[in-house]
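Student: Sharing a structure, written as structure tokens. Questions coming.
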Amino acid sequence: MLPPYLDESLEADETMRKPPKTNNNDFLKNAVSNFQYQISTHPRFWLFTFFLFFQLVVLIFTRNSPFPFSIHSPPSPLPHFPSEISVFTDIQTPHQGKNVIYPYGDSECEYGRVYVYNLPSKFNKDLALSTCDDLDPWKWQCGLATNDGYGKRSTDLILPGNLSVAWYRTNQFSSEVIFHYRLLNYKCRTNDPESATAFYIPFYAGQAVGKYLWTDEIENRDLLSNKVLKWVQRQKYFKKYNGLDHFLTIGRITWDFRRLGDPEKLWGSTFLNRPQMQNVTRFTIEKAPWDANDISVPYPTGFHPHSEKELRQWQNFVLSYNRTSLFTFIGAARGDINSDFRSRLMSYCRNESDTCRVVDCAVVPCSNGSSEIQKALLSSDFCLQPKGDSLTRRSVFDCMVAGSVPVFFWRRTAYTQYQWFLPEDPGSYSVFIDPEAVRNGTASIKQILMSYSKDQVRKMREKVVETIPRIVYARPSGGLGSVKDAFEIAIEGVLKRVKDENEWKEYVDLGRGR
């Protein structure tokens, strides 16, 4: 706003320059007559001027329009051709590229590059167990570092052709290792921090806290996280924006790092409550709903394709698989039927053995996958997905990779968690059933699932199978070429997020005259 005395002077000046009043009809007649005269005298000039003006209007509108524009038409229905490789359209990334000037003159890295800190090994690779029996479900750390986080190859899966070579015994908490390995080989990694858009902190926080979660050694849970924060805080590039352009991966759920001061809430560490972490973005397998810096990424499953061809073969295999059961439940009971919903589902499924398959994880080792799990998921149209030990569970992604349609009972199990990776419309790929209706007997899971027609089930399965590339982590260090897997979607998403924040800061600074 201008000062009052400037406002008054400008208003007076405008009054002095006002034209004398004229008749409105005469003014319009004169204007039209003059315009016709100019066109008749210089028609080509005015046509050229009009053309330029029209182009300018179109340019301004398309650059500022609030409506999303896309050159991609909606994907057509997926045909059932098991031998066909290129059935699926390219999976789109969460942020569509536009005509922008690529940073650093590199068209391959639209949103910039990542600098990976070289942390002392005590913060990452020294934490992983190098030798152990990954079949032991109680040794949760086993297999975390094997094959760069992918685990040992599966040997008990019976699959046609060469499909079994893409399957591994992957630990569900191994995303810290997988992301670190992939970033070290990422096409948009830079060794020059001055040219970086974002900075990655390869701290294995999940492994650092994991072995102390079930003990009273509370100080040990915070020991390494406190040390790594002191290390990072001393870095020049962390100080620049107080960590706003920094990110890391946490291989466990967010609740393992938010210990409160209440003596009754002594679970986990205080890592995410520390002031140094308030601006840092973190990938985690389950996020806190109120914290925008938590980005939930898919749990690692056992499927890690080596090529796009291998990926397409698997998609077409699960799409055409003959499913003989209506639904399945995979899990372990945690108590009596009245207090534990999973126990209720297991009992219900056993009573509906003609339409439901059960895999009891108290009997079958489910921690790193098994042939029993895969058989059940491949053979069923639907898979029941209640809460796990927390709201999310790896089984959701095991289910979808097998082409089975997930049935959710809590919206936060998936709908409010993995927005960068799952379809926007929950009904397009899943079913939701109110758990209270199941508890009080007013809803029958079997009847609800049987109410879906074969065509509806087919369309949901096609959507699930189309989503597979977005929820798996490819085996090659360079990814799957033109197809974006979960890792690339996550990294491009955080790079764009940091790039947008940097541009906003520059805009604000410019407005302040800095």
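The values are calculated or read from the model by the stated rules, or taken from the named source; none is laboratory data. In this text, all values refer to a predicted model and were calculated from it rather than measured experimentally. Glycine gets a Cβ as well: all are built from the backbone with ideal geometry, and neighbour counts include every protein chain shown. These area figures cover heavy atoms from the full protein model, side chains too; ligands, DNA and RNA do not enter into them. Shrake-Rupley method; radii C 1.70, N 1.55, O 1.52, S 1.80 Å.
Student: Got a sec to turn the phi values of segment 215-222 into Karplus ³J(HN,Hα) couplings, 6.51 cos²θ - 1.76 cosθ + 1.60 with θ = phi - 60°, whole Hz, x for Gly and Pro?
Tutor: Karplus-based 3J(HN,Hα) across segment 215-222 equals 10, 8, 7, 5, 4, 5, 5, 9 Hz.
Student: Extension gain Asn440-His306, at 0.36 nm per residue separation less the Cα-Cα distance, in nm?
Tutor: Values: separation 134, 0.36 × 134 = 48.24 nm, distance 4.70 nm.
Roughly 43.5 nm would be gained on extension.
Student: Right, another one. List the residues whose amide H sits under 5 Å from the amide H of Arg153, counting only those 5 or more places along or on another chain, with H placed 1.01 Å from N in the peptide plane.
Tutor: When sequence neighbours closer than 5 places are left aside, the close amide H contacts are Arg169.
Student: Each residue of segment 244-251 in turn: what ³J(HN,Hα) in whole Hz from Karplus with 6.51, -1.76, 1.60 and θ = phi - 60°, glycine and Pro shown as x?
Tutor: Whole-Hz 3J(HN,Hα) from phi for segment 244-251: 5, 9, 10, 8, 8, 10, 10, x.
Student: I would also like to ask the following. Can you list the equivalent-ellipsoid semi-axes of segment 196-269, largest first and in whole Å, using the square root of 5 times each Cα gyration tensor eigenvalue?
Tutor: That gives 26, 12, 11 Å for the three semi-axes.
Student: Oh, and also: Relative contact order for segment 356-485: what is it in percent, counting Cα pairs under 8 Å that are at least 6 residues apart? Please list the in-between numbers first.
Tutor: Details: 130 pairs, mean separation 27.6, N = 130.
For segment 356-485, the relative contact order is 21 percent.
Student: Further question: What percentage of all Cα-Cα pairs in segment 315-444 are separated by more than 25 Å?
Tutor: 20 percent
Student: Next question. Are there chymotrypsin sites (Phe, Trp or Tyr not before Pro) in segment 242-342 that DSSP puts in a loop and that have at most 12 other Cβ atoms within 10 Å, and which ones?
Tutor: Those that pass, being in a loop and sparsely packed, are Trp290.
Student: Be a star and scan segment 284-308 for residues whose amide nitrogen sits under 15 Å from the point 7 Å along the Cα-to-Cβ vector of Asp389.
Tutor: In segment 284-308, the label zone of Asp389 (backbone N under 15 Å from the point 7 Å along Cα→Cβ) covers 285-286.
Student: Quick one: if you stick a label point 7 Å off each Cα along the C-beta vector at Arg350 and Asp425, how many nm between them?
Tutor: 4.0 nm
Student: Can you tell me the dipole magnitude for segment 276-398 around its Cα centre, using point charges on the Cβ only (Lys, Arg +1; Asp, Glu -1), in Debye to the nearest 20?
Tutor: Its charge dipole is roughly 100 debye.
Student: Calculate, for Arg458 and Arg234, the FRET efficiency according to 1/(1 + (r/R0)^6) with r their C-beta to C-beta distance and R0 51 Å; round to the nearest 0.05.
Tutor: 0.35
Student: So which chymotrypsin sites (Phe, Trp or Tyr not before Pro) in segment 412-514 pass both tests, a DSSP loop state and at most 16 other Cβ atoms within 10 Å of the Cβ?
Tutor: Taking segment 412-514 and a limit of 16 other Cβ atoms within 10 Å, the loop chymotrypsin sites (Phe, Trp or Tyr not before Pro) found are Tyr415.
Student: Between Ser482 and Tyr415, what is the FRET efficiency for a Förster distance of 45 Å, r being their Cβ-Cβ separation, to the nearest 0.05? Let's see the in-between values first.
Tutor: Numbers: r = 29 Å, r/R0 = 0.64.
Between Ser482 and Tyr415 the formula returns 0.95.
Student: Now for a separate question. Would you rank Glu219, Glu176, Glu194 by solvent-accessible area, highest first, keeping every protein chain in place and using a 1.4 Å probe?
Tutor: Reading off the accessible areas and sorting them downward yields Glu219, Glu194, Glu176.
Student: Sticking with this one: Give me the number: length gained by fully extending Asn185 to Ala362, i.e. 0.36 nm times residue separation minus the C-alpha to C-alpha distance, one decimal in nm.
Tutor: 59.8 nm
Student: Restricting attention to segment 152-242, which trypsin sites (Lys or Arg not before Pro) occupy a DSSP loop and are surrounded by at most 15 other Cβ atoms within 10 Å? Write down the numbers at each step before the final one.
Tutor: Working: sites: Lys152, Arg153, Arg169, Arg182, Lys187, Arg189, Lys211, Arg221, Lys227, Lys230, Arg234, Lys236, Lys239, Lys240; in loops: Lys187, Lys211, Arg234.
Sites meeting the loop and neighbour criteria: Lys187, Lys211, Arg234.
Student: Moving on to the next point. Can you flag which of Lys187/Lys227; Lys230/Lys287; Lys125/Lys211; Lys240/Lys499; Lys187/Lys484 are past 19 Å Cα-Cα?
Tutor: In this structure, Lys187/Lys227; Lys230/Lys287 exceed 19 Å between Cα atoms.
Student: Once both labels are modelled 7 Å past Cα along the beta-carbon direction, what's the Ser121-Glu217 spacing in nm?
Tutor: Calculated label separation equals 2.1 nm.
Student: Can you list residues whose amide H is under 5 Å from Leu480's amide H, if they're 5+ apart or on another chain and H is modeled 1.01 Å from N?
Tutor: Here the answer is Asp485, since their amide H atoms fall under 5 Å of that of Leu480.
Student: Let me ask something additional. Given labels modelled 7 Å from the Cα in the Cβ direction, how far is it in nm from Ser320 to Asn502?
Tutor: Rounded to a tenth, the inter-label distance reads 4.7 nm.
Student: Quick check: with the 1.4 Å probe, what order do His246, His306, His180 take by accessible area, largest first? Could you put the intermediate results ahead of the total?
Tutor: On the way: His246 0, His306 60, His180 30 Å².
The most accessible residue leads, giving His306, His180, His246.
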